[in-house]
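The values are calculated or read from the model by the stated rules, or taken from the named source; none is laboratory data. These numbers were taken from a predicted model, which means no experiment stands behind them. For neighbour counting, all protein chains shown are included, and Cβ atoms are generated from backbone atoms with ideal geometry for every residue, glycine included.
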Amino acid sequence: MSGALPYAMVGGGVGSFIGAVHRHALALDGRARLVAGAFSSTAERSKESGAALGVDPGRAYGSYQEMIAGESGRADRPAFVVIVTPNDTHYPIAKACLEGGFGVVCDKPFTITSGEARELGAIAKQRGLLCAVTYNYSGYPMVREARARVASGELGAVRKVFVEYHQGWLATALESGGQKQAAWRTDPKRAGIGGSLGDIGTHAEHLVRFVTGLDVESVCADLTSFVAGRALDDDASVLMRLSGGANGTLTCSQVCVGEANGLSIRVYGERGGLVWCQEQPEELAITRSDGSRTVFVRGSEGLSEHAGASTRLPSGHPEGFIEAFGNLYLGVFEAIGAEGDRGVLSDLLPTASDGALGVRFVEACVRSARDGTCWTTV
């Protein structure tokens with residue numbers, strides 16, 4: 001991978017699901033290489049992960065503070081830092097990286113509070129640094145095709161949007177048995193004020209904005225914790241008023257027994273509609289007022305420039321989750337001016353502003369539910 005862009009990672013050590021996803025996605029096009037990191041909350045485990053990942057022992061650090069200090073003065077310093085840690089640590093790590101002159105790619109939700117998100121965005125803007133948030137579902141080619149069709153006016157003015165994200169893995173109190181992923185996601189001190197809302201609801205909210213180009217202006221939210229003793233919501237139902245006069249409904253839940261990763265969106269305008277489902281990501285269905293329905297397939301002719309530039313394989317050879325992450329990273333490479341970019345994907349990259357809007361959405365939903373499920377401005 002000679003000439004590949006160097007990057008560092010905080011969190012995501014060996015055994016981490018999301019850390020491995022990011023590394024696979026970054027390696028997908030041969031344009032990035034992992035050179036440094038603070039991979040765990042303990043120095044010993046970080047060193048072990050660094051060794052397993054082929055990182056120079058001198059560049060596997062015991063903390064992110066040590067990493068920033070150690071990498072800042074190097075001629076071959078990382079072009080950006082990927083942050084794949086629990087929610088409560090995003091803000092201090094991202095702030096330290098940005099203030100150290102490193103661009104940032106951060107998992108969602110971006111921060112715990114909207115004030116933290118605004119501050120990070122301001123630092124990045126002032127210093128001219130990359131600050132991206134991995135709303136990875138916007139990387140799917142057919143999601144990008146959906147966005148292009150709405151923007152072209154094919155559906156007419158948007159009237160109604162339905163988005164849902166349903167999982168079943170937290171239908172029981174996994175956190176009480178010490179399951180690591182469940183433990184921090186259900187802990188308000190680590191996850192923030194949103195449970196399922198922050199974990200997967202923010203993906204759904206971003207998908208609405210990404211596909212329709214509309215903002216969520218106000219919400220009316222009902223949040224529930226079905227599992228006894230759970231402090232954060234594990235189920236949410238949200239009515240939304242969108243800019244331009246459209247209405248929307250968002251549901252997210254992690255107690256839908258039998259559901260795996262059921263993210264889907266339906267958008268209906270004056271003249272037509274569209275349907276996309278994450279578990280069948282290769283297809284986008286377009287419906288029309290005459291009752292006809294056409295299914296478009298990734299890789300086929302006649303799709304938008306963004307969908308085409310986000311496609312690696314011919315149709316019939318499925319692309320999925322990791323490739324969608326990889327498409328976000330193609331946007332990262334463009335945004336930082338790397339050589340060999342395709343020149344069309346950086347404008348689709350979710351930024352600090354998107355991250356801040358996601359946090360504001362969660363805050364507004366929590367306020368709405370607290371105040372008796374009333375309409376609340378985002």
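Scanning for something outside any loop (DSSP other than H, G, I, E, B), outside the structural domain of residue 114 (by TED's automatic domain parsing), more than 30 Å from residue 40 (Cβ to Cβ) and out of contact with any Leu (no Cβ under 8 Å at 6 or more places or on another chain), does the range 224-236 turn up at least one residue?
Applying the first criterion (outside any loop (DSSP other than H, G, I, E, B)) to the range 224-236 yields 224, 235-236.
Now restrict to residues that are outside the structural domain of residue 114 (by TED's automatic domain parsing): 224, 235-236.
Imposing the further condition that a residue be more than 30 Å from residue 40 (Cβ to Cβ) reduces the set to 224, 235-236.
Still in the running and out of contact with any Leu (no Cβ under 8 Å at 6 or more places or on another chain): 224.
Looking through the range 224-236, at least one residue is outside any loop (DSSP other than H, G, I, E, B), outside the structural domain of residue 114 (by TED's automatic domain parsing), more than 30 Å from residue 40 (Cβ to Cβ) and out of contact with any Leu (no Cβ under 8 Å at 6 or more places or on another chain).
Counting only residues that are among the polar types (S, T, N, Q) and surrounded by 21 or more Cβ atoms within 10 Å (Cβ to Cβ), which one in the range 240-277 is farthest from residue 377 (Cα to Cα)? Can you show your working first?
Keep residues of the range 240-277 that are among the polar types (S, T, N, Q), which gives 243, 247, 249, 251, 253-254, 261, 264.
Now restrict to residues that are surrounded by 21 or more Cβ atoms within 10 Å (Cβ to Cβ): 253-254.
Working: 253: 23, 254: 25 Å.
Taking the candidates together, the pick is 254.
Kindly evaluate residue 190 against the criterion of being at negative phi, in the same structural domain as residue 285 (by TED's automatic domain parsing), part of a helix (DSSP H, G or I) and surrounded by fewer than 18 Cβ atoms within 10 Å (Cβ to Cβ).
Details: at negative phi: yes; in the same structural domain as residue 285 (by TED's automatic domain parsing): yes; part of a helix (DSSP H, G or I): yes; surrounded by fewer than 18 Cβ atoms within 10 Å (Cβ to Cβ): yes.
Yes: the conditions hold for residue 190.
Going by what's in this entry, would residue 333 be described as farther than 23 Å from residue 151 by Cβ, of a type in the set (Phe, Trp, Tyr), in contact with a Pro (Cβ under 9 Å, 6 or more places away or on another chain) and not assigned by TED's automatic domain parsing to the domain that holds residue 22? Talk me through it step by step, then tell me what you get.
Values: farther than 23 Å from residue 151 by Cβ: yes; of a type in the set (Phe, Trp, Tyr): yes; in contact with a Pro (Cβ under 9 Å, 6 or more places away or on another chain): no; not assigned by TED's automatic domain parsing to the domain that holds residue 22: yes.
When the stated conditions are applied, residue 333 does not pass them.
Condition (residue is under 25 Å from residue 232 (Cβ atoms), in contact with a helix residue (DSSP H, G or I) (Cβ under 9 Å, 6 or more places away or on another chain) and in a helix (DSSP H, G or I)) applied to the range 145-162: is it met by at least one residue? Full working, then the answer.
Just the residues of the range 145-162 that are under 25 Å from residue 232 (Cβ atoms), to begin with: 162.
When the remaining residues are screened for being in contact with a helix residue (DSSP H, G or I) (Cβ under 9 Å, 6 or more places away or on another chain), the result is none.
Among the residues of the range 145-162, not one is under 25 Å from residue 232 (Cβ atoms), in contact with a helix residue (DSSP H, G or I) (Cβ under 9 Å, 6 or more places away or on another chain) and in a helix (DSSP H, G or I), which makes the answer no.
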I'm checking my understanding of the structure. Among residues of the range 126-142 that are part of a helix (DSSP H, G or I) and free of Cβ contacts under 8 Å to residues at least 60 places away in the same chain, which one is surrounded by the fewest Cβ atoms within 10 Å (Cβ to Cβ)? 126
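Within the range 102-125, take every residue that is within 16 Å of residue 26 (Cα to Cα) and in contact (Cβ under 8 Å) with a residue 60 or more places away in the chain and give me the one that is nearest to the chain's Cα centre (by Cα).
Filtering the range 102-125 for residues within 16 Å of residue 26 (Cα to Cα) gives 103-107.
Among the residues that remain, those that are also in contact (Cβ under 8 Å) with a residue 60 or more places away in the chain are: 103, 105-107.
On the way: 103: 17, 105: 10, 106: 8, 107: 6 Å.
Once the filter is applied, the top-ranked residue is 107.
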Filter the range 56-66 down to residues that are under 16 Å from residue 33 (Cβ atoms) and buried (at least 22 other Cβ atoms within 10 Å of the Cβ), then give me how many there are. 1
The range 163-180: number of residues that are free of Cβ contacts under 8 Å to residues at least 40 places away in the same chain and part of a helix (DSSP H, G or I): 3
Enumerated strands (runs of 3 or more DSSP E) restricted to the range 241-286, each holding at least 1 residues that are in contact with a strand residue (DSSP E or B) (Cβ under 8 Å, 6 or more places away or on another chain) and free of Cβ contacts under 8 Å to residues at least 24 places away in the same chain: 272-277
I'd like to know if the range 59-80 contains one or more residues that are touching a Cys at 6+ places or on another chain (Cβ under 9 Å), within 18 Å of residue 20 (Cα to Cα) and either at pLDDT below 95 or not polar (S, T, N, Q) (or both). yes
Which condition number in (1) in contact (Cβ under 8 Å) with a residue 12 or more places away in the chain; (2) under 25 Å from residue 215 (Cβ atoms) is the one that residue 323 fails? (2)
So, residue 178, is that one touching an Asp or Glu at 6+ places or on another chain (Cβ under 6 Å) and surrounded by fewer than 18 Cβ atoms within 10 Å (Cβ to Cβ) or not? no
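When you go through 296, 325, 361 one by one, which is the residue that is surrounded by 18 or more Cβ atoms within 10 Å (Cβ to Cβ), modelled with pLDDT of 95 or more, among the aromatic types (Phe, Trp, Tyr) and more than 27 Å from residue 192 (Cβ to Cβ)? Walk me through how you get there before you give the answer.
Values: 325 fails: more than 27 Å from residue 192 (Cβ to Cβ); 361 fails: more than 27 Å from residue 192 (Cβ to Cβ).
That would be 296, the only listed residue that is surrounded by 18 or more Cβ atoms within 10 Å (Cβ to Cβ), modelled with pLDDT of 95 or more, among the aromatic types (Phe, Trp, Tyr) and more than 27 Å from residue 192 (Cβ to Cβ).
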Test set (1) over 23 Å from the mean Cα position of the chain (by Cα); (2) over 19 Å from residue 278 (Cβ atoms) - residue 303 fails condition number: (2)
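Within the range 193-211, is even one residue aromatic (Phe, Trp, Tyr), part of a loop (DSSP other than H, G, I, E, B) and either under 23 Å from residue 366 (Cβ atoms) or touching a Leu at 6+ places or on another chain (Cβ under 9 Å) (or both)? Outline the logic, then answer.
First pass over the range 193-211, keeping only residues aromatic (Phe, Trp, Tyr): 210.
Add one more test, that the residue is part of a loop (DSSP other than H, G, I, E, B), and what stays is none.
Checked against the condition, which is being aromatic (Phe, Trp, Tyr), part of a loop (DSSP other than H, G, I, E, B) and either under 23 Å from residue 366 (Cβ atoms) or touching a Leu at 6+ places or on another chain (Cβ under 9 Å) (or both), the range 193-211 yields no hits at all.
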Of all residues in the range 339-358, which are crowded, with 18+ Cβ neighbours inside 10 Å, modelled with pLDDT under 95 and of a type in the set (A, V, I, L, M, F, W, C)? 345
Residues satisfying the stated conditions in the range 305-320, i.e. out of contact with any Pro (no Cβ under 9 Å at 6 or more places or on another chain), of a type outside the set (D, E, K, R) and in contact (Cβ under 8 Å) with a residue 24 or more places away in the chain: 315
Residues located in the range 86-111, provided they are crowded, with 24+ Cβ neighbours inside 10 Å and in a loop (DSSP other than H, G, I, E, B): 109, 110, 111
